[in-house]
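Novice: One structure is given below, represented as structure tokens, and several questions about it will come after.
The values are calculated or read from the model by the stated rules, or taken from the named source; none is laboratory data. The structure displayed is predicted, hence computed values, not measured ones. Backbone-built Cβ (ideal geometry, glycine too); neighbour counts: all protein chains shown. For the accessible areas, the whole protein counts, side chains as well, though only heavy atoms, and no ligand, DNA or RNA atoms are used. Shrake-Rupley method; radii C 1.70, N 1.55, O 1.52, S 1.80 Å.
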Amino acid sequence: MFNRNFGIILIVALAAGLGLVLAQKVFGPSTTKAADTIIFYPQPRTLPDFSLSQSDGTRLIPGELKGHWTLVFFGFTSCPDVCPTTLAELAQAQKQWEPLPESIRPRVVFVSVDPERDTPARLGEYAHAFHKDTLAATADVPSLERFATALGFVFQKVPGTHFAENPDDYTLDHSSSIAVLDPDGKLAGLIRPPFNPQAIAADLQSLTEKSAP
């Protein structure tokens, strides 16, 4: 069930959000990283182990994200508005940092919270229509819930009026922020909507250049 642990996830996510707000009030803005769009945590947070299935059949695990600044966005391919808009905005940012070496170039990961309908082939085709470098992944619902909780995100299945007759008649509510992971694969901060592609690109390019070996 999509909403089996939704109450717990929501409480954890709200607590994480409140913690970020309180940390900003107590500690003030980060003095080690300047950015126009990213809200940094006082200290990067280590993520628990996770394993997601990528559209190319490989596994996305913590070690795969090391060495790059990474933006993680949750959604689903049937999303009517927020998801395609955000992916289009991120694609604009990705085009601006394409000149960076692939070995350090920032990454965008689109995580589908609709594994029932988003097959790997469908997910990959959808994500790559926005930008060829976008990574697309999903997992079973319990794994997605754990990953979402670690990022401070939530999602919930919302049945439609004809769900009883048609199991595909549903949508999903999900967090619309973007998680920012540092080159160590730790949760460094968040980007909240509305999104400015040019500012996101400038922030990620600056951070990448500063952390490059």
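Novice: Need a quick list: strands (runs of 3 or more DSSP E) entirely within the stretch 38-99 having at least 3 residues that are open to solvent by less than 60 Å² (accessible area, probe 1.4 Å) and in contact with a helix residue (DSSP H, G or I) (Cβ under 7 Å, 6 or more places away or on another chain).
Specialist: Output list reads 70-75.
Novice: A further question follows. When you scan the stretch 83-125, how many residues do you find that are among the charged types (D, E, K, R) and touching a Phe, Trp or Tyr at 6+ places or on another chain (Cβ under 8 Å)?
Specialist: The total comes to 6.
Novice: Here is a check on your reading of the model: is A202 crowded, with 17+ Cβ neighbours inside 10 Å and either in contact with a strand residue (DSSP E or B) (Cβ under 7 Å, 6 or more places away or on another chain) or β-branched (V, I, T) (or both)?
Specialist: no
Novice: Look at the stretch 86-114 and say how many of its residues are farther than 18 Å from D203 by Cα and within 14 Å of the chain's Cα centre (by Cα).
Specialist: Of the residues in the stretch 86-114, 4 are farther than 18 Å from D203 by Cα and within 14 Å of the chain's Cα centre (by Cα).
Novice: Of all residues in the stretch 138-157, how many are closer than 16 Å to T171 by Cα, of a type outside the set (A, V, I, L, M, F, W, C) and touching a helix residue (DSSP H, G or I) at 6+ places or on another chain (Cβ under 8 Å)?
Specialist: 1
Novice: Just give me the residues in the stretch 100-113 being of a type in the set (G, A, S) and buried (at least 17 other Cβ atoms within 10 Å of the Cβ), in sequence order.
Specialist: S112
Novice: In the stretch 54-67, how many are of a type in the set (G, A, S) and under 12 Å from V109 (Cα atoms)?
Specialist: 1
Novice: A further question follows. Just checking, how many residues over the stretch 95-110 are touching a residue at least 60 places away in the same chain (Cβ under 8 Å) and touching a Ser or Thr at 6+ places or on another chain (Cβ under 9 Å)?
Specialist: The total comes to 5.
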